[in-house]
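Report on one structure; see the data block that follows.
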Amino acid sequence: MMNSAVFGQIIILIVYLPIFSLQGIEGKMFKPMAQTVSFALLGAFILSLTYIPMVSSLFLSKKIKTQPNISDRMMSRVENRYEGILQKVLVFPKTVIAIVLGLFAIAVVVLANLGGEFIPSIEEGDYAVETRVLSGSNLNTSIENMQKVAGILKERFPEVKNIVTKIGSSEVPTEPLPMDMGDMIINLKPKNEWTSAKSFDELSQKMGEASSEVPGVTTSFQFPVQMRFNELMTGARQILWYVCRTTSEKVLQMFKTC
């Protein structure tokens, strides 16, 4: 009985092992769940070897019934059928091995072409475009370049309803951005009115190619909720400098050594 319990817990732990290899947003979302389940199983395993046997000996009846119950009869029927099938299968061992290897090969091919996505992308109907101009550009340059991008998209793509752009940080700096970065929200018409593309991926690719015609501008097309979610999960590590009672030469030397 103890061997079967240990074996079952080990199987469950093995199932969760691939989750620990996930990277990016999937890893940050699902690793805590896998860690919690793994620690819970390990705790249950330790208790099953130490605490449970002792408590069972105190509270459970020591009289063992020899008459089989319903579960025993069900397992007996399953074992009898399994033994009958096993005896028939063992008559043709080579055929069985060939069938198993063939099924394994098919499973490998299907798994290689299956693909998977833990966080599927939802078509939200609009685009949130992370727009960046040349580093160090002033506000006027950013406004001019982003207006050019918005003008190109409105002119070439009838799917665009309107475009709203935010440059830098707002009054409430929930997302601190420099003056050379901005978020462009593109509101799109219903999909049945599209003429330039048939899917969101195709449309974003064409819009990205058109936006690249503006020199020094790079764009990244995402959906609004998806972009905010990625920013919350990934974040960015900023370098904070605190200078007190020092000279400018020392500050420059500190930057050079980093």
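The values are calculated or read from the model by the stated rules, or taken from the named source; none is laboratory data. What you see is a predicted model, and the numbers here were worked out from it, not measured in a lab. Every residue, glycine as well, gets a Cβ built from its backbone with ideal geometry; the counts of neighbours run over all protein chains shown.
Do we find that A5 is part of a helix (DSSP H, G or I), modelled with pLDDT of 80 or more and not polar (S, T, N, Q) in this structure?
Working: part of a helix (DSSP H, G or I): yes; modelled with pLDDT of 80 or more: no; not polar (S, T, N, Q): yes.
Here the answer is no, as A5 does not meet what is asked.
Selection of the range 192-232 for residues being free of Cβ contacts under 8 Å to residues at least 12 places away in the same chain and assigned to a loop (DSSP other than H, G, I, E, B) yields K198, S199, S212, P215.
Screening N69 with (1) in the same structural domain as I185 (by TED's automatic domain parsing); (2) over 34 Å from the mean Cα position of the chain (by Cα) gives one miss only, at (1). The listed residues are K148, K191, K206, and the only one of them that is under 18 Å from Q226 (Cβ atoms), among the basic types (K, R) and surrounded by 14 or more Cβ atoms within 10 Å (Cβ to Cβ) turns out to be K191. Within the range 179-204, the set of residues being polar (S, T, N, Q) and in contact with a strand residue (DSSP E or B) (Cβ under 8 Å, 6 or more places away or on another chain) comprises N187, S204.
Is it the case that G102 is within 34 Å of the chain's Cα centre (by Cα) and in a loop (DSSP other than H, G, I, E, B)? No; evaluated as a whole, the condition is false for this residue.
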